[in-house]
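Okay, structure first, notes after.
The values are calculated or read from the model by the stated rules, or taken from the named source; none is laboratory data. Since we're looking at a predicted model, the values are computed, not measured. No Cβ is skipped: glycine too gets one built from the backbone with ideal geometry, and neighbour counts run over all protein chains shown. Note: accessible area is taken over every heavy atom of the protein model, side chains too, but ligands, DNA and RNA are not part of it. Shrake-Rupley method; radii C 1.70, N 1.55, O 1.52, S 1.80 Å.
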Amino acid sequence: KSSSFQLKHNRTLIATDDIPSQTVLMEIPRELMIWDLDAVRNEFIREEILLATIPSTVAKRAALLSAYLALLRNDFSTDHTLRLQSSVAKQLPSYDEYKAFHPVLATIEQMELLLGKHSPAFRDLVVLRQSLNDEYDSFIATSNKFASLVSREDYLSCRLAVQSRAFQIPGVLPESEIPKNEQEHYTETIQIDFTNDGVLSIEIINDWMNSHINNNVMVGGYDAVKRRGRAWSTKAIRPGQELIMDYGRFHDPVLFGQYGYVPSDGTGVTIASVAAYHDIGGDLPD
């Protein structure tokens, strides 16, 4: 399928041939996919931080995957079976690369100046920023070993990668992927149901395309028989057109805080808080 498109620059894939709708464009071997299931199976994760306190199941899944990615990037293990996953993790953006553009890593003063102190976007960003740092604090409070292997910057860069690049692979996972007794263990200990809720996946494919609400490619399928992830066309694509995926339907404050961008063509959804506000200066009298 690779002859149907070419990389023009950075994240831009351009069709070189006519691509019919529903064409499988790429297949990613399971060995090049990093799942949150892989994270909880890792011996270090299980022994050191699996039971760290994270407020919600959704956040815990993302946090454990992020911690695993950071460990892989830092070559925490000499296990040769992790070599391919480590190579994928090392392709993710670094802390310095994120700091150059992502609002979560900007100062509060910069964001207040850009967004306004009382805007919904500023409010959401402050909450998100605090929650990501709280996750790291919980991990290092649980494990001194994790603190020695993964810095706050290491964790935050991988956490931003997960929230902006990870795909939810939905559907029921067969026992060939996760045996029943293993799933029962996770349900009991960490309240995560991989079998019925699917997995959170990092794949190299998600750095190859730009995103837009008017997408022509879908990413995130999984063939459990072939053990391959998939990307396929959702409409006919003509030569010269860009291949574009879709992160989902979010309003601009969420896109800005989670992905670090908003669409510049007016297709985003803006929200506003309609409320009376009066800033009372000084001390109130007794």
Taking θ = phi - 60°, what integer Hz values does the Karplus form 6.51 cos²θ - 1.76 cosθ + 1.60 yield along the stretch 236-248, in sequence order, with x for Gly and Pro?
5, 10, 8, x, x, 7, 7, 7, 10, 9, 9, 6, x
q = 0.10, 0.16, 0.18, 0.19 Å⁻¹: log10 I(q)/I(0) that the Debye formula gives for the stretch 1-149, counting C-alpha atoms only
-0.52, -1.04, -1.13, -1.17
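Using a 10 angstrom Cβ neighbour count of at most 16 plus a DSSP loop assignment to flag exposed trypsin sites (Lys or Arg not before Pro), which longest range of the chain is free of such sites? Intermediate values should be presented prior to the final figure.
Details: sites that count: LYS1, ARG11, LYS90, LYS117, LYS226, ARG227, LYS235, ARG249.
Longest run free of exposed loop sites: 118-225.
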As a check on your grasp of the helix formula, calculate [θ] at 222 nm for the chain: sum -39500 (n - 2.57) over DSSP H runs of n ≥ 4, divide by the residue count, round to the nearest 500.
-11500 deg cm²/dmol
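Once you order the gyration tensor axes a ≥ b ≥ c over the Cα atoms, which shape class does the stretch 115-221 get: rounded for a/c under 1.5, otherwise prolate or oblate by comparing a/b with b/c?
On the way: a/c = 1.90, a/b = 1.14, b/c = 1.67.
Oblate shape, in that a/c is at least 1.5 and b/c is the bigger or equal ratio.
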Connecting every pair of Cα atoms under 10 Å apart in the chain and solving the GNM, the largest mean-square fluctuation among ASP79, ASP265, ASP137 falls on ASP265
If amide H atoms are modeled at 1.01 Å from N in the peptide plane, then the residues at a separation of 5 or more from ASN210, or on another chain, having amide H under 5 Å from its own are LEU13, MET245
Carbon and sulfur atoms: what percent of the 1.4 Å accessible area of the stretch 145-232 do they account for?
51
What does the net charge come to around PRO29 if you take all other residues with beta carbon closer than 13 Å to its beta carbon, with K and R at +1 and D and E at -1?
+1
Straight-line reach from LYS117: which aspartates and glutamates have a Cα under 12 Å away, not including same-chain ones fewer than 8 places off?
GLU109, ASP279
Express the relative contact order of the chain as a whole percentage, based on alpha carbon pairs under 8 Å and six or more residues apart in sequence.
30
What's the longest bit of the chain with no exposed chymotrypsin sites (Phe, Trp or Tyr not before Pro), using DSSP loop states and at most 15 other Cβ atoms within 10 Å as the test?
102-276
With a/c under 1.5 counting as rounded, go ahead and sort the chain into rounded, prolate or oblate using the C-alpha gyration tensor (a ≥ b ≥ c being the square roots of the eigenvalues; past the cut-off, prolate if a/b is larger than b/c, else oblate).
oblate
Counting DSSP beta bridges with both partners in the chain, what percentage is antiparallel, nearest 5?
90
Would you work out the charge dipole size for the chain about its Cα centre, treating the Cβ of every Lys and Arg as +1 and the Cβ of every Asp and Glu as -1, and quote it to the nearest 20 debye?
900
Among VAL24, VAL217, VAL104, determine the one that fluctuates most according to a GNM of the chain built with springs between C-alpha atoms less than 10 Å apart.
VAL24
When the chain is treated as a GNM, springs tying every alpha-carbon pair under 10 Å, which of LEU51, LEU65, LEU156 comes out with the largest mean-square fluctuation?
LEU51
